[in-house]
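Comments concern the structure below.
The values are calculated or read from the model by the stated rules, or taken from the named source; none is laboratory data. Quantities reported herein were computed from a predicted structural model and do not represent experimental measurements. As a convention, Cβ positions derive from the backbone with ideal geometry for all residues, glycine included, and neighbour counts pool all protein chains shown. In case anyone asks, the SASA skips ligands and DNA or RNA and just uses the protein heavy atoms, side chains included. Shrake-Rupley method; radii C 1.70, N 1.55, O 1.52, S 1.80 Å.
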Amino acid sequence: MTLHAPRHRRRQGFTLLELLLVVAIVAMASAGVAFALRDAGQSRLDREAQRLAALLEGARAQSRSRGVTVRWRNASPGFAFDGLPSASALPTAWDYPETAAYSASPVVLGPEPIIGAQHIRLWQQNAPERSLWISTDGLRPFTVQNTEP
């Protein structure tokens, strides 16, 4: 009986290149999921801020076209537009009840084409550390900002 030299068998397992490839694919998939699952509270706050900016611009346009002074003010549990006739009433409630706003004084929206610089802080009561600011310099439209103007 002759003993044959053992043949070299391929080792069981994965190569370093294969492992690196799998890790890279998992990392890219995880990053995609993380970006897709945006914080719901922040999304709500963003939507409320965009909605309020649009409402302020609508009230500002009505104020100028009717020649009446319109003021926005915070009112519990929502907000109010003073000076508009009831026939052209704008919404006065937040879409999300946990939304809160603060303005040092009522926001005057017209009827003059140039109003003073004004801003409103918007946040959610369950996360007061996150705020957005809706502001205007008096000439430009109201915009949403992440930092205090």
With eigenvalues of the C-alpha gyration tensor scaled by 5 and rooted, the chain, Å: 61, 15, 12
Between the modelled labels at VAL33 and ASN126 (7 Å from Cα along Cα→Cβ) the distance in nm is 2.3 nm
Per the stretch 67-149, sqrt(5λ) over the Cα gyration tensor eigenvalues, sorted largest first, in Å, gives 22, 18, 9
Short version: what are the Cα gyration tensor semi-axes of the stretch 93-138, square root of 5 times each eigenvalue, largest first, in whole Å? 24, 11, 8
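Using a 1.4 Å probe on the protein chains only, how many percent of the accessible area of the chain belongs to carbon and sulfur?
About 59 percent, which is the carbon plus sulfur part of the accessible surface.
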Determine the gain in length on full extension of the stretch TYR102-GLU18; use 0.36 nm per residue of separation and subtract their C-alpha separation, reporting nm with one decimal. 24.6 nm
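Hey, can you find the accessible area per residue of the chain for me, probe 1.4 Å, expressed in square angstrom?
Working: 10300 Å² over 149 residues.
Each residue of the chain exposes 69 Å² on average to a 1.4 Å probe.
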Expressed in angstrom and rounded, the centroid-to-centroid distance over alpha carbons for the stretch 107-139 and the stretch 20-94 is 12 Å
Of all the Cα-Cα pairs you can form in the stretch 44-87, what percent are over 15 Å apart? 47 percent
Which residues in the stretch 108-122 have a backbone N closer than 12 Å to a point placed 7 Å from the Cα of LEU90 along the Cα-to-Cβ line? 108-110
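For the chain, what is the mean residue ellipticity at 222 nm derived from helices alone (per DSSP H run of n ≥ 4: -39500 (n - 2.57); sum divided by total residues; nearest 500 deg cm²/dmol)?
Working: 2 runs with 48 residues, N = 149.
It lands at -11500 deg cm²/dmol.
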